[in-house]
1. Does A:Leu202 satisfy being of a type outside the set (Phe, Trp, Tyr), within 14 Å of another protein chain (Cβ to nearest Cβ), more than 23 Å from the chain's Cα centre (by Cα) and closer than 27 Å to A:Ala283 by Cα?
2. Taking A:Ala137 as meeting all but one of (1) assigned to a helix (DSSP H, G or I); (2) closer than 25 Å to B:Pro71 by Cβ, write down the number of the exception.
3. If you go through the stretch B:72-83 one residue at a time, do you hit one that is buried (at least 20 other Cβ atoms within 10 Å of the Cβ), touching a helix residue (DSSP H, G or I) at 6+ places or on another chain (Cβ under 6 Å) and of a type in the set (A, V, I, L, M)?
4. Report yes if B:Met52 is in contact (Cβ under 8 Å) with a residue 60 or more places away in the chain and not in a loop (DSSP other than H, G, I, E, B), otherwise no.
5. Exactly one of (1) within 14 Å of another protein chain (Cβ to nearest Cβ); (2) assigned to a helix (DSSP H, G or I); (3) surrounded by 17 or more Cβ atoms within 10 Å (Cβ to Cβ) is unmet by A:Ile207. Its number?
6. Restricting the search to the stretch A:312-366, which residues are in contact with an Asp or Glu (Cβ under 9 Å, 6 or more places away or on another chain), of a type in the set (Gly, Ala, Ser), more than 21 Å from A:Ser208 (Cβ to Cβ) and not in a strand (DSSP E or B)?
7. Kindly indicate whether any position in the stretch A:127-150 is over 22 Å from B:Tyr81 (Cβ atoms) and either out of contact with any strand residue (DSSP E or B) (no Cβ under 6 Å at 6 or more places or on another chain) or not hydrophobic (A, V, I, L, M, F, W, C) (or both).
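The values are calculated or read from the model by the stated rules, or taken from the named source; none is laboratory data. Since we're looking at a predicted model, the values are computed, not measured. Heads up, the Cβs are rebuilt from the backbone with ideal geometry, glycines too, and the neighbour counts pull from every protein chain shown.
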Amino acid sequence: MAYIAGVGTTRFGQHPGSTTSGLMADAARLAMEDAGLARRDIDGVLCGYATTMPHIMLATVFAESFGLRPAYAHAMQAGGATGVAMAMLASILVDSGRCKAVLIVGAENRASGQTRDQSIQTLAQAGHPDYEVPYGATIPAYYGLLAARYMHQFGLTQEDLASLAVVMRRHAARHPEAHLREPFTFEQAMASKPIALPLRLLDCCPISDGGVAMVITRDPTNATRVKVRGAGQAHLHQHISMARDWADMGARRAADLAFAEARMGLKDIQHLAVYDSFTITLAMLLEEIGFIARGKSGEAARAGRFEIGGDMPLNLHGGLLSFGHCGVGGGMAHLVEAQRQLSGRAGDRQAGAPTTAYVHGDGGVMSSHVAMILERV
Amino acid sequence: MSFSANPHAQAFWQHAQEGRIIFARCCADHCGAPQFPPKPRCDVCDGDRLEMRQATGTGTIFSITVVHRPPSDALRQYAPYGIALVDLDEGFRMMAHADPRLTIGARVRATFVPFGDRTVPRFVADQKP
């Protein structure tokens, strides 16, 4: 089984003048240093797409500029699930013997490299170009539709969503690299400006600049011993108007495959890192996978279950909602935090000494699911 | 109006311009499944004979969101606007505009309004008994 030998994150936020290539290189350098590996040791490169730097072969562009000559390289696209999907493929590549050390990178100057309107319009293309986008739909609108129906069906409330937002911000306040660190109250979340009701501003992640990278290896390269124990995917639809069963978006299916491979169950997991582009995303994933009963995510947040001292520490870096979202790198930050927690290197955020973690990425509109289970050995 | 290269989509929006919602229905014996958006083959039985039908335009709200932050300057004048998923009585689901005051489960009927570069279906409460 593959090791996540090194991880690296740049600061997330508004970094005027930053470039996608520069952020990729910064994150990659940090991850390689963390793994204790040099350029010549890297024989595989996977990178995510970047909306501000569209290219038909971004991995090769990156490898050339960063000074790598890998035996295996390409870019990947699975929306917000890309990061966990890259980690899954990297572990397949090292498990198969194809590669010894695969560098995976996701970075983008998504905040400063384009206008907010450009970013919103580009992301809205996750929707159907003919039957959804023409209505002036946006990513928040697609998730607003998810939220309204899910709240109606399972009794989740606006208060519950706000409770999740408050927790993510509190976590981010402890992370020096987080985009949004100023705490807000439950009341402020409830009164934040409407974006796509029932979703309000503080239910939505920010658009950030940032970069994240990891090195996944066949053998340990340093003192950390975090292994990929299982992974799984599910892809049941692309467009929200085509999703058939809203209690089965694919999250549970992906998780079941990962748990089966790891020979573990929900009860074996001590740490959670779950995709949270919106508060509703987090609630739906936690509840469909089964970590929390249907409609009870807000209650769990208020009971302190997701805190450092809780029984289910969740997104202690602050998640997409507050650590920030730079695209592919945003979904990789969950994996990085899980690796740091498992290796006992999370500093002020360290939640005990967990040996197992569950990570989940979601692309599109609950369209692509990639689940991964990590274990410290 | 910036239309798609997809002929089914071109036809859909041309009909919308004229105040109609069209969908595909499978012509295979024992199937007859409605399909939206139309595709070359039936999702249910993989049959390749589909006919275009006009929907009555009545249905039920499955979900609804109210967009306060539109994606572009051109659409800001319309905000806030409702976007809904509507289950049409013919058995298919579609996205469309909707009266922001509607709630899930409401019975609705289609009207047609200008929005951005085209005319779009907009569902309102069905007043008929």
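1. Values: of a type outside the set (Phe, Trp, Tyr): yes; within 14 Å of another protein chain (Cβ to nearest Cβ): yes; more than 23 Å from the chain's Cα centre (by Cα): no; closer than 27 Å to A:Ala283 by Cα: yes.
Criteria not met by A:Leu202.
2. (1)
3. We begin by selecting, within the stretch B:72-83, every residue buried (at least 20 other Cβ atoms within 10 Å of the Cβ); these are B:81-83.
From the residues that got through so far, the ones that are touching a helix residue (DSSP H, G or I) at 6+ places or on another chain (Cβ under 6 Å) too are B:83.
Filter once more, keeping what is of a type in the set (A, V, I, L, M): B:83.
Yes, the stretch B:72-83 has at least one match.
4. Numbers: in contact (Cβ under 8 Å) with a residue 60 or more places away in the chain: no; not in a loop (DSSP other than H, G, I, E, B): yes.
No.
5. Checking A:Ile207 against (1) within 14 Å of another protein chain (Cβ to nearest Cβ); (2) assigned to a helix (DSSP H, G or I); (3) surrounded by 17 or more Cβ atoms within 10 Å (Cβ to Cβ), the one that fails is (2).
6. A:Ala351
7. Within the stretch A:127-150, the first condition is being over 22 Å from B:Tyr81 (Cβ atoms), and the residues that meet it are none.
No, every residue in the stretch A:127-150 fails to be over 22 Å from B:Tyr81 (Cβ atoms) and either out of contact with any strand residue (DSSP E or B) (no Cβ under 6 Å at 6 or more places or on another chain) or not hydrophobic (A, V, I, L, M, F, W, C) (or both).
Condition check ((1) free of Cβ contacts under 8 Å to residues at least 24 places away in the same chain; (2) hydroxyl-bearing (Ser, Thr, Tyr)) across all residues:
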position: A:Thr10; (1), (2): no, yes
position: A:Met24; (1), (2): no, no
position: A:Met57; (1), (2): yes, no
position: A:Glu64; (1), (2): yes, no
position: A:Ala71; (1), (2): no, no
position: A:Ala81; (1), (2): no, no
position: A:Ala90; (1), (2): no, no
